[in-house]
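J.: One structure, as structure tokens, below. Some questions next.
The values are calculated or read from the model by the stated rules, or taken from the named source; none is laboratory data. None of these values were measured; they are calculated from a predicted model. Positions of Cβ are generated from backbone atoms using ideal geometry, with glycine treated the same way; all protein chains shown enter the neighbour counts. When the accessible area is computed, the model is the full protein with side chains, heavy atoms only, and any ligands, DNA or RNA have been set aside. Shrake-Rupley method; radii C 1.70, N 1.55, O 1.52, S 1.80 Å.
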Amino acid sequence: MVRLLSATNYTLLNPRRKNFPIDDPNAGREQIVWEYHALHDANAILFWFPCETLCPIVLYELGAWSMTNKPLYVGVHPKYERRKDVEIQTELVRPDVRVVFSLERLAEQVQKHQWISN
């Protein structure tokens with residue numbers, strides 16, 4: 001996504017770490033707190049569900065942030081195991097959000113967004 005949006009002036013916050021200290025008992029809490037604050041401060045939120053994992057925390061975050069008016073962009077790999085769940089729940093709660101099935105389409109949605117300054 002960073003590459004696909006490199007021509008924009010957006011600031012992207014990526015929760016993925018190169019090295020997650022899985023043996024550190026505080027690491028999980030620190031990560032979740034960081035993500036919570038980043039999502040809260042963001043002007044818009046982009047979710048991508050890859051086929052390699054179910055992303056349980058991301059599912060939770062999508063549910064939570066779907067209940068707000070914040071701009072959302074949702075992409076799901078075609079082979080993501082819970083694809084239909086994401087599609088149906090998003091359609092029910094946020095009919096204004098169109099779920100797409102490739103990173104390229106997701107980036108296109110973000111690029112077409114009409115940003116309004118506060």
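J.: For residues in the stretch 8-20 being open to solvent by less than 100 Å² (accessible area, probe 1.4 Å) and more than 22 Å from P50 (Cα to Cα), which is nearest to the chain's Cα centre (by Cα)?
T.: Per the criteria, the residue is Y10.
J.: In the stretch 28-41, is there at least one residue being under 21 Å from Q109 (Cα atoms), part of a loop (DSSP other than H, G, I, E, B) and among the aliphatic types (A, V, I, L, M)?
T.: So the first thing to find is which residues in the stretch 28-41 are under 21 Å from Q109 (Cα atoms), and the list is 38-41.
Filter again for part of a loop (DSSP other than H, G, I, E, B), leaving none.
Looking through the stretch 28-41, none of the residues is under 21 Å from Q109 (Cα atoms), part of a loop (DSSP other than H, G, I, E, B) and among the aliphatic types (A, V, I, L, M).
J.: Does the stretch 67-93 hold any residues that are closer than 13 Å to A44 by Cβ and either in contact with a His (Cβ under 6 Å, 6 or more places away or on another chain) or open to solvent by less than 90 Å² (accessible area, probe 1.4 Å) (or both), and which are they?
T.: Applying the first criterion (closer than 13 Å to A44 by Cβ) to the stretch 67-93 yields 68-74.
Scanning the stretch 67-93 gives T68, K70, P71, L72, Y73, V74.
J.: Take the stretch 99-114 and flag every residue that is loosely packed, with under 13 Cβ neighbours inside 10 Å and without any contact (Cβ under 8 Å) to a residue 60 or more places away in the chain.
T.: Residues satisfying the conditions are K112, Q114.
J.: Starting from the stretch 19-35, keep only residues that are over 16 Å from P56 (Cβ atoms) and free of Cβ contacts under 8 Å to residues at least 40 places away in the same chain, then list their pairs with residues that are of a type outside the set (D, E, K, R) and outside any loop (DSSP other than H, G, I, E, B) whose Cβ atoms are within a distance under 7 Å, requiring at least 6 positions of separation or different chains.
T.: These pairs meet every condition: P21/A27.
J.: Quick check on the stretch 47-54. Is at least one of its residues of a type outside the set (K, R), touching a Lys or Arg at 6+ places or on another chain (Cβ under 6 Å) and open to solvent by less than 60 Å² (accessible area, probe 1.4 Å)?
T.: Yes - at least one qualifying residue is present in the stretch 47-54.
For every residue, the table says whether it meets (1) modelled with pLDDT of 95 or more; (2) in contact with a Cys (Cβ under 8 Å, 6 or more places away or on another chain).
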| site | (1), (2) |
| --- | --- |
| R29 | no, no |
| I45 | yes, no |
| V58 | no, no |
| G63 | yes, no |
| L72 | yes, no |
| H77 | yes, yes |
| R82 | yes, no |
| D85 | yes, no |
| R94 | yes, no |
